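Readers should treat all values here as calculations from the given coordinates under stated rules, not as data from a laboratory. In this text, all values refer to a predicted model and were calculated from it rather than measured experimentally. Quick reminder, even Gly has a Cβ in these numbers, built from the backbone with ideal geometry, and neighbours come from all protein chains shown.
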Amino acid sequence: MFLPSDYDSFGRLKLPLLFWGVLILQARTWVLFVIAGASREQGSALLTLFYPNRDTFWPGLLVGLPAAVAFMLSGRRQQWPVMWRAWRSVLVATQLLLLLWQVLLWWQGEVVTGITLALLITDVYALWWMLTSRRLRGCFQPEND
């Protein structure tokens, strides 16, 4: 079903490169928070640029938590197999929530910019990929299947 190069040295299916991009996309508020913290002088300006309405910052951190947990679980998926199998559904639900949240913010009057439009398109693609990727689905299956 998969190429031999799709497996690691332990015989487990490697996570696709796009999976890591989706996790970064879902944890984008966390990434921005870390970058803002690292650039002390410009940190506040950076947060204001991406989050002019500070009320959306904290929910963004909350929505990014499943992706942060997935980063940690990915290296130990053989130790937490039940949680790992369920985590794909959590990530899909999170991606859907991010997508709906963006649309809701626009509906409430937030300005549509090139960045927000690009994020919406990327979120739609990420959701589609997470739902249709056979390899990603295979990475979340038990190893003895």
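For the chain, the residue among Val90, Val124, Gly11 whose Cα projects farthest onto the positive side of the dipole built from Cβ charges is Gly11.
How far is helix 28-38 tilted off the main Cα axis of the chain, in degrees rounded to 10, range 0 to 90? Relative to the chain, helix 28-38 is tipped by roughly 70 degrees. For the range 5-53, the Kirkwood estimate of the hydrodynamic radius, built from every pair of different alpha carbons, is 13.0 Å. One equal scatterer on each Cα of the chain, no solvent, Debye formula: the resulting log10 I(q)/I(0) at q = 0.09, 0.14, 0.21, 0.22 Å⁻¹ is -0.33, -0.73, -1.31, -1.40.
The range 1-48 and the range 65-91 have Cα centres spaced 14 Å apart. Starting from a Cα-only point model with no solvent, please compute log10 I(q)/I(0) by Debye for the range 85-127 at q = 0.19, 0.30 1/Å. Rounded to two decimals, the profile gives -0.57, -1.02.
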